[in-house]
Amino acid sequence: MKIYDVHSHLGKTSSGEKNTPTQLVNEMKEYGISKVGISSLSGISIREQNDLVHNAMLEYPEFIEGYAFINPKSADAIEEIKLCVGEYGMNAVKFHSWKHGYYPDNCRQLYDIFEEIENYGVHVQMHVGTAPISTPYVWAQYAKAFPNIRFVFTHIGYYEFGYSTIEAVKDLPNVSVETSGQMEVGVLKKAIDTLGSERVVFGVDWPYKITNIEIEKFYEMELSEAQLENIFYKNAERLWERRGK
């Protein structure tokens, strides 16, 4: 079965460990992953971070889907989207309010930014699950305000907000949840049962998580072949398709 990873990273880790596109690709291949979507969380300059991802896309064009990492507080945020998503052909936009230090519900710039993203038909991902500034509830308000944009809430809300993330998005058909780092079986099963396997998408969060563990947890859950296909690759294929306005 094909496996696509919709959520991994490139660049120095928070603890300063280095990595390369080749390391990323080789480890993915070792465990049967044949395509990966990445953003860079390394450093403070989104320009440098996004160029790191763009260069990786050029080095491995059949394997790497690049995501623009955007700080909405940056004066050039919209220009960065035009460059990365428009010119570079990146296939998603990543937000991480914990890394960039803002409260999404007190960041009015996001409305203009989402309006710009809507022009390109790509999905957006946000880190969800680190209190107090990366909770599911505030991001759900943007998903309601922009029903034509597809949102992915990563980690299914992590350790603090697993069940509440599912509750926050269950009535928002434009929101999917991503599975990396979520090791509570009850949360994973509830996400599949409540949202359907069509709204649960596989991710690794490389290099922060262990690739084979992120894969193997699904084979321990006695899911159907159709459910595994959706989670492991079909949902990723849908997310990576650009949609017209």
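Quick note: the coordinates plus some simple rules give every number you see, no bench work behind them. For clarity, every value in this text was computed on a predicted model and none was experimentally measured. Note that we place each Cβ from the backbone using ideal geometry, even for glycine, and neighbour counts take in every protein chain shown.
If you average the sequence gap of Cα pairs under 8 Å that are 6 or more apart and divide by the length of the stretch 3-239, what percent do you get for the contact order?
Relative contact order here is 18 percent.
Place a +1 charge on the Cβ of each Lys and Arg in the chain and a -1 charge on the Cβ of each Asp and Glu, then give the dipole magnitude about the Cα centre in debye, rounded to the nearest 20.
320 debye
For every other residue with a beta carbon closer than 9 angstrom to the beta carbon of G203, add +1 if it is Lys or Arg and -1 if Asp or Glu, then tell me the sum.
After counting each charged neighbour, the total is -3.
In whole Å, what is the distance between the alpha-carbon centres of the stretch 117-142 and the stretch 5-35?
Result: 23 Å between the Cα centres.
Just want the ordering: T165, T194, T211, T130, from fewest to most Cβ atoms lying within 10 Å of their own Cβ.
With the sparsest Cβ surroundings first, the list reads T194, T130, T211, T165.
Using only alpha carbon positions, build the gyration tensor of the stretch 20-127, then give the equivalent ellipsoid semi-axes as the square roots of 5 times its eigenvalues, largest first, whole angstrom.
Over the Cα atoms of the stretch 20-127, the ellipsoid semi-axes are 25, 14, 12 Å.
Sort 176-183, 108-115, 157-164 for me by packing, meaning the mean count of neighbouring Cβ atoms within 10 Å per residue, highest on top.
176-183, 157-164, 108-115
Under a Cβ-Cβ cut-off of 12 Å, what is the net charge of the residues other than G37 that fall near it, where Lys and Arg count +1 and Asp and Glu count -1?
Around G37, the surrounding residues sum to -3.
Pick out, from S224, V200, L239, the residue whose Cα sits farthest towards the positive end of the charge dipole of the stretch 196-239, with +1 on the Cβ of Lys and Arg and -1 on the Cβ of Asp and Glu.
With unit charges placed on the Cβ atoms, the residue in question is L239.
If neighbour count is taken as other Cβ atoms inside 10 Å, put K18, K209 in order from fewest to most.
Ascending number of Cβ neighbours within 10 Å: K18, K209.
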